[in-house]
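Asker: My questions will all concern the structure given below.
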Amino acid sequence: MFKISPAEEVRKLGSAEMFKRSSIVPLRGGFGNQLFCWAYGLGLKAHGDRVIYDTGGQLGRGFALDGLIDRKETCKLPNKLWRSVGSTSTFWKALPWVTTVVEDESRPPRLCDTGGSLALHWGYWQSHDYFEETSDEIHGRLAEWVGWNDIPMQSHCAVHVRRGDYVSDAGAAAVMGAQPLHYYELAMDRMREQGFDDFVVYTDDRQWASKHLIGSDVRLAPPGGFRDDFLGLASSAALVMSNSSFSWWAAYLASRRNVNVVGPAKWFAGEKNDSSRLMMDGWKRL
């Protein structure tokens, strides 16, 4: 792990040779969002950057990518440094050799050339466009890490129902919000039209799914850890996604087997609801 000084000591680094053409990318949120940050970093690497992943205070549920990311490629930065990224504070004006890159979701996703300086990248980077050039590497490394290559494709259609904090946390509900029941009903009906008659539901709210979805051709997946659920989704013959980066990455793996994938057209709550940046070619939006 790289030892990087706290924000108030970064000035002492000057234009240190070790940081030239380097990018620091914080891993944010849970498993799926951390995968997006990791993949974004590989996109930067393909353009010649040395990438360091920050595993400090931005993680929602702890570091989830141990073994996929080498600990030697990580650092820990204080939260107050990231809060100042993108600002015009005196601190950043005194550091002309540091570039801050803040994701602008109003513009088409593309990698930014930082001109060889030390760059701090702030965003969730939820678009395949950021790492399209390294897609084969990302798919290969992820598939090997989770053991997807060893699991044959199943015959059922998997359904991912994400509720949890999308329902219980006011902030998450306002930004994301759980998909309504009619989305899952419509998506499964579309899959039935394709000939599927066996549905397996993976969810963090088994009580809600049992009440609203379980029927003659719909069953709950056995309780398991996040990796079991992820592999169950990724090894299915068809997949109904929720508005979750967890099922996005399962669909990303599964797509290499040409499975049917359906995802929500409204990914976010409120006005910010366009999922076009997230959905890949061949995925159907409902």
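Asker: Working out 0.36 nm times the residue gap between Lys72 and Asp189, then minus their Cα-Cα distance, what length gain in nm do you get to one decimal?
Answerer: 37.4 nm is the gain from fully extending Lys72 to Asp189.
Asker: Can you bin segment 148-286 into rounded, prolate or oblate? Criterion: square roots of the alpha carbon gyration tensor eigenvalues sorted a ≥ b ≥ c, rounded for a/c under 1.5, prolate for a/b above b/c, oblate for the rest.
Answerer: In terms of gyration-tensor shape, rounded.
Asker: Which percent of the accessible heavy-atom area of segment 135-190 goes to carbon and sulfur, probe 1.4 angstrom?
Answerer: 52
Asker: Hey, another quick one. For segment 21-61, what does the accessible surface come to per residue with a 1.4 Å probe? Please give it in Å².
Answerer: The answer is 24 Å² per residue.
Asker: In addition: Classify segment 144-190 from the C-alpha gyration tensor, please: rounded if a/c falls under 1.5, else prolate or oblate depending on whether a/b exceeds b/c.
Answerer: Judged from the Cα gyration tensor, segment 144-190 comes out oblate (a/c at least 1.5, b/c at or above a/b).
Asker: Still on this structure: So how far apart, in nm, are the two label points at Ala174 and Arg107 if each is 7 Å from Cα heading toward Cβ?
Answerer: A separation of 2.8 nm, rounded to one decimal place.
Asker: At 10 °C and a viscosity of 1.306 mPa s, what translational diffusion coefficient does Stokes-Einstein give for segment 188-260, taking Rh as the Kirkwood radius over Cα pairs? Give it in µm²/s as a whole number.
Answerer: This corresponds to a translational diffusion coefficient of 125 µm²/s.
Asker: Determine, for each peptide in 183-189, 223-229, the mean count of other beta carbons within 10 angstrom over its residues, then list the peptides with the highest first.
Answerer: Result, highest mean Cβ count within 10 Å first: 183-189, 223-229.
Asker: If you don't mind, another one. Express in nm, to one decimal, how much length is gained between Val167 and Arg61 on full extension, taking 0.36 nm for each residue of separation and deducting their alpha carbon distance.
Answerer: Gain in length upon complete extension: 36.4 nm.
The values are calculated or read from the model by the stated rules, or taken from the named source; none is laboratory data. Treat the numbers as computed from the prediction; the structure is a model and nothing was measured. Counting neighbours? That spans all protein chains shown, and the Cβs are built from the backbone with ideal geometry, glycine included. Note: accessible area is taken over every heavy atom of the protein model, side chains too, but ligands, DNA and RNA are not part of it. Shrake-Rupley method; radii C 1.70, N 1.55, O 1.52, S 1.80 Å.
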